[in-house]
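The values are calculated or read from the model by the stated rules, or taken from the named source; none is laboratory data. Keep in mind that what you see is a predicted model, and the values were worked out from it rather than measured. Ideal geometry is used to build each Cβ from the backbone, glycine not excepted, and the neighbour counts take in all protein chains shown. Side chains included, ligands, DNA and RNA excluded: accessible areas come from the protein's heavy atoms. Shrake-Rupley method; radii C 1.70, N 1.55, O 1.52, S 1.80 Å.
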Amino acid sequence: MQSNISLASQIGDYKFDNLLLNAAGIRCATTEELDKILDSDAGGCVTKSATPEPRKGNESPRMKATSMGCINSMGLPNHGLDYYLKFAEANQGKNGKQVILSIAGLSIDQNIEMLKKIQASSFAGLTELNLSCPNIAGKSQVGYDFEAVRDVLTSAFSFFKKPLGLKLPPYFDFNQFDGIAEVLNDFPVTYINVINSIGNGLVVDPETESVVIKPKGGFGGLGGDYVKPTALANVRALRQRLRPEISIIGTGGIKSGKDVFEHVLCGANLVQIGTAFGFDGTPIFERISKELTAIMEKKGYKTLDEFRGKLKTIE
Ligand code: SIN
C-alpha cells in the first residue's frame, strides 16, 4: 500500500524526494559507485571530495572499522575534479535525483580554481565546498580559522553565482558556534553540512600495543557512534544562529531511522550517511526510509516540516 508519509525535502530551489544522501568519502569515488547510489532509495548522491588533479591519498592502512564506528585518514584519494564534474553534468536531475559535487582543494587558490571551473561548466546543481578534511598532514582544517573562511567566501562569491554549500568541521564551544555563524550569515551560502569526522582521534589496539592506521602516526577522523551527539549539537546550535535561508544537512552517527528523526528535530533539512553506509551499502537507504516512516506514522507526522527544528528543552 502506498504510504501517505513524505520524506521529501528541499535545499534552496533543489527538491529531494527523500532526505537521505550518502556522505562524501564513502563508496562514492567512482562513477559505478555513484550510479549505484542514484539507483537506490537515496534522494541523490554526493561525490567524493575532488581536488584539481587526481590523488592517491595517504598510505594504507588508512581506515579501520571499530565497534563504535571507524577511524580514517584517507587523505582525499580521488579521480580529480574533471572526472566528477563530467559525472555531475551528465547526471544532474536524472530520475529526479540531485548530484552534489563535493570539492576539497588543498589551498584557497585550489578551491577558487575549482569553483571557477564549475562556474564555467554546464553543471547547475549544488556544489559542496569541503573546508574540514582533517587528514592532510601539515594542513589545518580551514573551518576552524574563521578569518580564512571569510577570505575564501569573499573570493568565491565575487564570481561564483551557483548554489554553494559548505562542509564544516565539528565545533565544540559556544564561541565557535557564534563565530562561524557570524561569518556565514554575511554570505549567500545555500547550505552548510555539519559535521565532518571528529578530527585527530586515536584508536589503540591493546593486543598489538599499536595504533590502527598508518598516516599521521595513527591520528584520524572519527565517524559513527562516537560523533552523533556532537553532530546533533552542531545542527541544533547552527540552526539557532544562521539566517533561515541557509539550510542544514545533518551528518554524523546516522545508522537508523531514529537517528534521522533526531537530526531533523534538531533542524536538519537533509541528512548524509557515512560510516553506516560504508558498512551496509545502498540497501541502507531503503531500510532507514522504512524505519523513519514507521516512526512518523506512530507519531502522526506526515511531513518532515511538522517536526523539523522542534526539539524541546527542559524548562
Ligand atoms: C579523507 O579523504 O581523508 C576524508 C575526507 C574528509 O574528511 O573530508
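A Cβ distance below 7 Å, combined with a sequence gap of six or more or placement on separate chains, defines the contacts here; from the stretch 75-96, residues that are over 27 Å from N200 (Cβ atoms) and among the basic types (K, R) reach residues that are open to solvent by 10 Å² or more (accessible area, probe 1.4 Å) and part of a helix (DSSP H, G or I) in the pairs K94/L38.
Hey, can you tell me all the residues within the stretch 92-133 that are assigned to a helix (DSSP H, G or I) and open to solvent by 10 Å² or more (accessible area, probe 1.4 Å)? Please lay out each step first, then the result.
Here is the first cut: in the stretch 92-133, the ones assigned to a helix (DSSP H, G or I) are 94-96, 108-120.
Correct list: K94, N95, G96, I108, D109, Q110, I112, E113, K116, K117, Q119, A120.
Among what's in the stretch 45-78 and is hydroxyl-bearing (S, T, Y) and over 18 Å from the mean Cα position of the chain (by Cα), pick the residue that is surrounded by the fewest Cβ atoms within 10 Å (Cβ to Cβ). Only one residue tops the list, namely S67.
Just the residues that are in contact (Cβ under 8 Å) with a residue 60 or more places away in the chain and within 23 Å of C45 (Cβ to Cβ), please, taken from the stretch 105-114.
Of all residues in the stretch 105-114, those in contact (Cβ under 8 Å) with a residue 60 or more places away in the chain come to 113-114.
Selection gives M114 alone.
Does the stretch 134-142 contain any residue that is out of contact with any helix residue (DSSP H, G or I) (no Cβ under 8 Å at 6 or more places or on another chain), assigned to a loop (DSSP other than H, G, I, E, B) and closer than 22 Å to P163 by Cβ?
No, every residue in the stretch 134-142 fails to be out of contact with any helix residue (DSSP H, G or I) (no Cβ under 8 Å at 6 or more places or on another chain), assigned to a loop (DSSP other than H, G, I, E, B) and closer than 22 Å to P163 by Cβ.
Inside the stretch 145-156, residues that are open to solvent by 20 Å² or more (accessible area, probe 1.4 Å) and either touching a Gly at 6+ places or on another chain (Cβ under 9 Å) or assigned to a loop (DSSP other than H, G, I, E, B) (or both) make up a count of 2. In the stretch 30-81, of all residues being within 16 Å of the ligand (Cβ to nearest atom) and among the acidic types (D, E), the one that is farthest from G278 (Cα to Cα) corresponds to E53.
Residues that are surrounded by 15 or more Cβ atoms within 10 Å (Cβ to Cβ) and aliphatic (A, V, I, L, M) within the stretch 279-315 comprise I284, I288, L292, I295, M296, L304, L311, listed in sequence order. Just the residues that are within 13 Å of the ligand (Cβ to nearest atom) and in contact with a helix residue (DSSP H, G or I) (Cβ under 8 Å, 6 or more places away or on another chain), please, taken from the stretch 168-195. If the condition is that a residue be within 13 Å of the ligand (Cβ to nearest atom) and in contact with a helix residue (DSSP H, G or I) (Cβ under 8 Å, 6 or more places away or on another chain), then L168, P169, P170, V194, I195 are the ones that fit.
Looking at F172, F159, can you tell me which residue is farther than 19 Å from L126 by Cα and assigned to a loop (DSSP other than H, G, I, E, B)? F172 is the lone residue from the list that is farther than 19 Å from L126 by Cα and assigned to a loop (DSSP other than H, G, I, E, B). Of all the listed residues (I195, I213, I248), the sole one being of a type in the set (A, V, I, L, M) and over 30 Å from L311 (Cα atoms) is I213. Close contacts from the stretch 11-24, counting a first residue that is more than 12 Å from I100 (Cα to Cα) and a second that is acidic (D, E) and modelled with pLDDT of 95 or more, with Cβ to Cβ under 7 Å and a gap of 6+ residues or different chains, come to N18/D41.
For the stretch 9-29, which residues satisfy the criterion of being open to solvent by less than 60 Å² (accessible area, probe 1.4 Å), part of a loop (DSSP other than H, G, I, E, B), more than 15 Å from the ligand (Cβ to nearest atom) and closer than 15 Å to T127 by Cα? Give the derivation first.
Initial filter on the stretch 9-29 (open to solvent by less than 60 Å² (accessible area, probe 1.4 Å)): 9, 11-12, 14, 16, 18-26, 28-29.
Keeping just the survivors that are part of a loop (DSSP other than H, G, I, E, B) gives 12, 18-19, 23-26, 28-29.
Right, trim to more than 15 Å from the ligand (Cβ to nearest atom) and you get 12, 18-19.
Hit for the stretch 9-29 is G12, nothing else.
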